[in-house]
2 protein chains.
Amino acid sequence: MEVMTSTHTNGSALLKSSAITTNGYHNGNSNHRKGVTAHDNGRKLLEGSSNSLEPGWFSEFSPLWPGEAFSLKIEKLLFQGKSDYQDVMLFESATYGKVLTLDGAIQHTENGGFPYTEMIVHLPLGSIPSPKKVLIIGGGIGFTLFEVLRYPTIENIDIVEIDDVVVDVSRKFFPYLAANFNDPRVTMVLGDGAAFVKAAKAGYYDAIIVDSSDPIGPAKDLFERPFFEAVAKALRPGGVVCTQAESIWLHMHIIKQIIANCRQVFKGSVNYAWTTVPTYPTGVIGYMLCSTEGPEVDFKNPVNPIDKATAHIKSELGPLKFYNSDIHKAAFILPSFAASLIES
Amino acid sequence: MEVMTSTHTNGSALLKSSAITTNGYHNGNSNHRKGVTAHDNGRKLLEGSSNSLEPGWFSEFSPLWPGEAFSLKIEKLLFQGKSDYQDVMLFESATYGKVLTLDGAIQHTENGGFPYTEMIVHLPLGSIPSPKKVLIIGGGIGFTLFEVLRYPTIENIDIVEIDDVVVDVSRKFFPYLAANFNDPRVTMVLGDGAAFVKAAKAGYYDAIIVDSSDPIGPAKDLFERPFFEAVAKALRPGGVVCTQAESIWLHMHIIKQIIANCRQVFKGSVNYAWTTVPTYPTGVIGYMLCSTEGPEVDFKNPVNPIDKATAHIKSELGPLKFYNSDIHKAAFILPSFAASLIES
């Protein structure tokens, strides 16, 4: 696996913003991208790659949630293309602002995705004192990075995004997020997250955040035991990992497998947390929070309450919208049916 | 307003189960019911009353959540009819068991609706010692009643359902729930909940549970101040009410209005709680929990932990699937954006 590295200093040829035009026409010369003309009314939006329940609407079908589908009215298609890895689409929705989908699954919405992002960052980073070195796997749009940068102790953040088209979309449509790729503390890596972690220096990171899509498609390796073993090795003693860990309503079999893997690999603590996201299937998403052997990490009682530290936060980040210390603690409280399955 | 009372002892002419046949054909002779032939493949399912994004699927459109819609694949249409008050539909879904919709909005799903029902009952009844007299407004299918009956101290439960067709559906398709209508402690009233409460004996109830649909259609009055005033009057000192109070993502304007009304009416305490329901819009639902002047009620710290009292619970009810004392406490912890709006 070749890992292509593009640091913040040059932006790299791959990330030229001219590769995407404002109407979504993809006229770059890289032959792995299949350009699709945007139709602003959405009527021909999904032809060829997936399907919609109605013209002008996006509908989220997946074998991961058979028999149900969430749909959003499309105000304007902003981008649609096929990368080496997946279908990438960005549209302006009627109610949730810009919506990013990968292989037909909603990854982020501007006005409804912030619980996911705030929690995947602040659950782990709020649980350790003074996070300095952080690795983000996935998250190529930049929402996760945005939240990590709230911590004044940060010295170095590596982001490993497998799909350059996602980063292109960020540079074109989320310039306030992509601007952070140029922060001197940030290194953007275009490549495979599992391979990157395997090659990382042992004991280097304080925290690793796995902002992955579902375990079908390019993120599949990020749910397997060899990946968790590499993560544990790359973390310092008492370091923490937070991975996206699906829905208690839909994916208990996946969750149980992740937990079984993590219990074998992480010798500190292993915890499952969850939160609500209005635009995700069943309205919830879970996280695995694990620590390596070393200084004890009590994830359920944050030691680094970022919501109280507003004086130290760059004002342009704006206030946290979802996360606070009480929400942090409550994220570990499970409904009875889930607790009995997860704790067994 | 005429309030028709049908006690458990005779079942009443209105509630003859012969009014509904198993294929959904509505051949009763009451002229307010418009029979609709069921098509098991769902293709013509919603003609005339609402619309579907695709044949064979139910799609939940509403002016209360414009620009988004949740859809479920229909395995079998069980009932469809128009009552005096609303469109009533019951179908077997691919993933959530039987699904009840009123005016095109999902009210309950067998396999995903239990968080709503357990919380609307146990948040109030878990907060007071020894609940004896309980009023349920709405809830004519019987899920709410099922949960109230877990409390061994119960002496009298009145249920006021405005729509007899909903009760008919329960008797035909949920006989294990409808059986509880015949419990000697239960009185089923067919009529208007607001009128019933207004006429109720002052100070009679320990708890009132308002299991309403959204504030458009027949449940509109249940969100207005005169209704809350009647509720306060019907409760004993230190009595409690729990009302369905919408989604923090979609309906903050409605929630703020309900809270403003409740703060003026209830002189004990006024609280907002929320929980997750996989088949509701945005995946969450809220509750208003208020108490009247009298013995103090601290809703955030349950005094009557039903989840611990399994020895006293009729075994046929089965264990609680969602609710426990920790989930109870966590329900009052709000995301920062909601807390700032609700507490202001």
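The values are calculated or read from the model by the stated rules, or taken from the named source; none is laboratory data. Keep in mind it's a predicted model, so treat the numbers as computed, not measured. Positions of Cβ are backbone-derived with ideal geometry, glycine not excepted, and every protein chain shown enters the neighbour counts. Please note that ligands, DNA and RNA were not included when accessible areas were found on the heavy atoms of the full protein model with its side chains. Shrake-Rupley method; radii C 1.70, N 1.55, O 1.52, S 1.80 Å.
Here are the numbers for this structure:
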quantity: Wholly within region B:39-127, strands (runs of 3 or more DSSP E) carrying at least 2 residues that are modelled with pLDDT of 95 or more and hydrophobic (A, V, I, L, M, F, W, C); calculated: B:68-82, B:87-93, B:98-102
quantity: Given (1) out of contact with any helix residue (DSSP H, G or I) (no Cβ under 9 Å at 6 or more places or on another chain); (2) open to solvent by 10 Å² or more (accessible area, probe 1.4 Å), index of the condition A:Arg171 fails; calculated: (1)
quantity: Single residue of A:Ile162, A:Ile209 found to be in contact with a helix residue (DSSP H, G or I) (Cβ under 8 Å, 6 or more places away or on another chain) and open to solvent by 30 Å² or more (accessible area, probe 1.4 Å); calculated: A:Ile162
quantity: Looking only at region A:274-290, and only at residues there that are of a type outside the set (S, T, N, Q) and in contact with a Gly (Cβ under 9 Å, 6 or more places away or on another chain), the one that is farthest from the other protein chains (Cβ to nearest Cβ); calculated: A:Cys290
quantity: Residue pairs meeting the criteria (Cβ under 8 Å; at least 6 apart or on separate chains; first more than 8 Å from every other protein chain (Cβ to nearest Cβ), in region A:66-82; second assigned to a strand (DSSP E or B) and among the basic types (Lys, Arg)); calculated: A:Leu78/A:Lys98; A:Gly81/A:Lys34; A:Lys82/A:Lys34
quantity: Meets criteria (under 15 Å from the mean Cα position of the chain (by Cα), surrounded by fewer than 18 Cβ atoms within 10 Å (Cβ to Cβ) and farther than 30 Å from B:Leu250 by Cα) for A:Lys233; calculated: no
quantity: Qualifying residue in region A:142-155 (condition: surrounded by fewer than 21 Cβ atoms within 10 Å (Cβ to Cβ), touching a residue at least 24 places away in the same chain (Cβ under 8 Å) and assigned to a strand (DSSP E or B)); calculated: no
quantity: Restricting region A:269-299 to residues that are farther than 27 Å from A:Gly104 by Cβ and small (Gly, Ala, Ser), the residue that is surrounded by the most Cβ atoms within 10 Å (Cβ to Cβ); calculated: A:Ser291
quantity: Positions within region B:62-104 being surrounded by fewer than 21 Cβ atoms within 10 Å (Cβ to Cβ), under 16 Å from B:Ser212 (Cβ atoms) and of a type in the set (A, V, I, L, M), in sequence order; calculated: B:Leu64
quantity: Scan of region A:330-341 for residues that are within 8 Å of chain B (Cβ to nearest Cβ) and surrounded by fewer than 21 Cβ atoms within 10 Å (Cβ to Cβ), ordered by number; calculated: A:Ile333, A:Ser336, A:Phe337, A:Ala339
quantity: Test: residue in region A:308-323 that is modelled with pLDDT of 95 or more, open to solvent by 10 Å² or more (accessible area, probe 1.4 Å) and not assigned by the TED database to the domain that holds A:Tyr96; calculated: no
quantity: Tally of residues being of a type in the set (Lys, Arg) and in contact (Cβ under 8 Å) with a residue 60 or more places away in the chain across region B:157-211; calculated: 2
quantity: Some residue of region B:101-123 being more than 30 Å from B:Pro302 (Cα to Cα) and without any contact (Cβ under 8 Å) to a residue 60 or more places away in the chain; calculated: yes
